Amino acid sequence: MSDETSPHASDRRPATPIDSGVAHSARIWNYWLGGKDNYAIDREIGDQFVGIFPEIVDIARSSRAFLSRAVEYMAGEGGIRQFLDIGTGLPTVDNTHQVAQRVAPDARIVYVDNDPMVLTHARALLTGTAEGATEYIDSDLRDPDRILKAAQATLDFDRPVGLMLMNILGHIPDIDEGRSIARHLLAALPSGSYLAVADGTNVINGEEFEKAIAIWNEAGSVPYILRSPEQIASYFEGLELVEPGVVSCPLWRPGPSIVGGLREVDEFCAVGRKP
């Protein structure tokens, strides 16, 4: 792909300086997953969060494991060869392109984020197979038209796409706005496309999680709103839910070797197919 057609070249905005004194959700999440791409302020807020709500580490890992299983399902049983991953965060293990291209080396993936630190790590995200494609767009979920326009440089919207919205819709305070954005994105994708969503909930350890989220929001991170499973289900209106539907992340199609040791966490998820 030439510089003229590459979305992260043609759709580039002026770089935003990285403020190492303000915590950021992508870097805190990276810290919880054992990554090294974070600052002292991220570790400080992350540790405060864990002190109030230690289950957050299990939530982070369960969410990442769900992403892997969802992408593997879509690329395998679903036959999906294109993925649009919005709010990708910092690269860790089993990123969307790695999982998809293990199943289908010709899979094409577009990542979207607007964190300047993620942008500096774009090169790591862009290391995929020779047969496929892996690109990065610097954009915001609240501007779906801009995302869709840029993604079309890599993805063919006449063919099904796997849309990944992992732990990103909770950053939209108004649930109606979140639903509207999801529907807007899905409207541009053809029949046979999939939507995968995971977000924090407050149904298992609600009071402790709410206290920790308050610290998160006061620390300067992008605010995050916990949703109910019913609210998460509302993102899938008009779609065909893949079994087992909307469930806690560890319960979504787990491998046979870990079924007996499953424990629900306050992170619910689902995958749905556009008819």
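Per-residue answers, yes or no, for (1) at pLDDT below 95; (2) charged (D, E, K, R); (3) assigned to a strand (DSSP E or B):
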position: Leu67; (1), (2), (3): no, no, no
position: Met74; (1), (2), (3): no, no, no
position: Gly78; (1), (2), (3): no, no, no
position: Asp94; (1), (2), (3): yes, yes, no
position: Val99; (1), (2), (3): no, no, no
position: Arg102; (1), (2), (3): no, yes, no
position: Asp106; (1), (2), (3): no, yes, no
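Would you mind stating whether Thr127 is within 20 Å of Cys269 (Cα to Cα) and β-branched (Val, Ile, Thr)?
Numbers: within 20 Å of Cys269 (Cα to Cα): no; β-branched (Val, Ile, Thr): yes.
So Thr127 fails the test.
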Where residues in segment 108-127 are assigned to a helix (DSSP H, G or I) and in contact with a His (Cβ under 8 Å, 6 or more places away or on another chain), which of them is surrounded by the fewest Cβ atoms within 10 Å (Cβ to Cβ)? Ala122
Looking only at segment 28-80, and only at residues there that are of a type in the set (Lys, Arg) and over 16 Å from the mean Cα position of the chain (by Cα), the one that is farthest from Pro190 (Cα to Cα): Arg43
Show me the helices (runs of 4 or more DSSP H) entirely contained within segment 150-237 in which 2 or more residues are modelled with pLDDT of 95 or more and more than 22 Å from Asp138 (Cβ to Cβ). 175-187, 229-234
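Restricting the search to segment 34-49, which residues are among the aliphatic types (A, V, I, L, M) and buried (at least 16 other Cβ atoms within 10 Å of the Cβ)?
Keep residues of segment 34-49 that are among the aliphatic types (A, V, I, L, M), which gives 40-41, 45.
Hits for segment 34-49 are Ile41, Ile45.
Here is a yes/no grid of residues against (1) more than 26 Å from His24 (Cα to Cα); (2) in contact (Cβ under 8 Å) with a residue 24 or more places away in the chain; (3) in contact with a Gly (Cβ under 9 Å, 6 or more places away or on another chain):
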position	(1), (2), (3)
Pro54	no, no, no
Asp58	no, yes, no
Arg64	no, yes, no
Leu67	no, yes, no
Thr92	no, yes, yes
Only one of (1) surrounded by fewer than 24 Cβ atoms within 10 Å (Cβ to Cβ); (2) out of contact with any helix residue (DSSP H, G or I) (no Cβ under 8 Å at 6 or more places or on another chain); (3) modelled with pLDDT of 90 or more fails for Gln82. Which number is that? (1)
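The values are calculated or read from the model by the stated rules, or taken from the named source; none is laboratory data. A quick note: this is a predicted structure, and the numbers were derived from the prediction, not measured. Note that each Cβ is placed from the backbone with ideal geometry, even for glycine, and that neighbours are counted across all protein chains shown.
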